[in-house]
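The values are calculated or read from the model by the stated rules, or taken from the named source; none is laboratory data. In this text the structure is predicted, and so the values were computed from the model without any measurement. Please note: Cβ atoms are built from the backbone with ideal geometry, for glycine as well, and neighbour counts cover all protein chains shown. Calculation scope for accessible area: heavy atoms of the full protein, side chains included, ligands and nucleic acids excluded. Shrake-Rupley method; radii C 1.70, N 1.55, O 1.52, S 1.80 Å.
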Amino acid sequence: MNEDRLDIKTPEYVSIQFQLAGLGSRAAAFIIDQLLLTVVNILTLVVLFFVMDGISSVGFLPDSFIPIAITIIILFIVNWGYFFAFEFFSGGRTIGKKLIGIRVIQENGHSITLLSSFIRNLIRLIDSLPTAYFLGIIMIFFHPKHKRLGDLVAGTIVIHERKAKQKKKLTPIEKEIETRGLTKYDIFLDEWTLKSLGMKEWKLISTYASRYPQVPMEERNQLTRQIAEILLPKIGLEVEGKRETDLENTLLVLYLILKDEWQFEL
């Protein structure tokens, strides 16, 4: 795969980097698109055959070229309009481009416009000369930005899609905290109180958090109250009269706070 990259500066002076699609990925996408269009073309010709056969059987204009002319027009519209319509209405992606992971955009980094898509695909007729897209292949291969003639005139480039970042897999305790909607901002600790909680307290609360999802409910309640009686007075919070659920939430928030302070210190 060609690793050429292009930097585009936005009007806000933000630099955006794109990976240009080379001849290999563009050819693969084009082959997929052409296979789909070949199926459509064959079905269209089959329909034409049955139409002509029906006309001949009833003796109505047996030598008429009107169905043939209409079919030729339809095939042209389908084969040209496929690229034009998909690239504009599908964010610069035909079916082939989407499967390969590339798309067409404007040189300024914006999405392709209706006019750019029209011009780009109209000149596809020239890029296909003299046969088998020879001119287009030569242009893409030698041009520093892998442009064919249609790209030059329309001001477009073909790039690789940015891969979406996979969401980090949550641990059981992180899932529990997310389910409860807890954040480290649910408890405010001043600088002095935070500094009074050291490695000893972090190890205690991290052990509690790691065991929390695994222990049975009765043992969990007992463990929660024991840890709460040790840690909560240190941050100025009372334990007496509070339900186990409230104590659990407080300890889990405290875990989030100390995690930011101590997780890389072990």
Within segment 208-220, is there a residue that is polar (S, T, N, Q), surrounded by 14 or more Cβ atoms within 10 Å (Cβ to Cβ) and either modelled with pLDDT of 85 or more or part of a helix (DSSP H, G or I) (or both)? no
Which one of these does residue 10 not meet: (1) under 20 Å from residue 105 (Cα atoms); (2) modelled with pLDDT of 80 or more; (3) open to solvent by less than 50 Å² (accessible area, probe 1.4 Å); (4) of a type in the set (S, T, N, Q)? (2)
Cβ pairs under 6 Å, 6+ apart, first in segment 60-72 and modelled with pLDDT under 60, second open to solvent by 60 Å² or more (accessible area, probe 1.4 Å): 62/56
If a residue must be in a loop (DSSP other than H, G, I, E, B) and either farther than 30 Å from residue 207 by Cβ or polar (S, T, N, Q) (or both), how many such residues does segment 125-175 contain? 20
State all residues of segment 62-106 that are acidic (Asp, Glu) and open to solvent by less than 20 Å² (accessible area, probe 1.4 Å); if no residue qualifies, say none. 87
So, in segment 184-207, how many residues would count as being of a type in the set (Val, Ile, Thr) and outside any helix (DSSP H, G or I)? 1
Kindly provide the set of residues from segment 171-207 that are charged (D, E, K, R), within 14 Å of residue 237 (Cβ to Cβ) and surrounded by 12 or more Cβ atoms within 10 Å (Cβ to Cβ), ordered by number. 186, 201
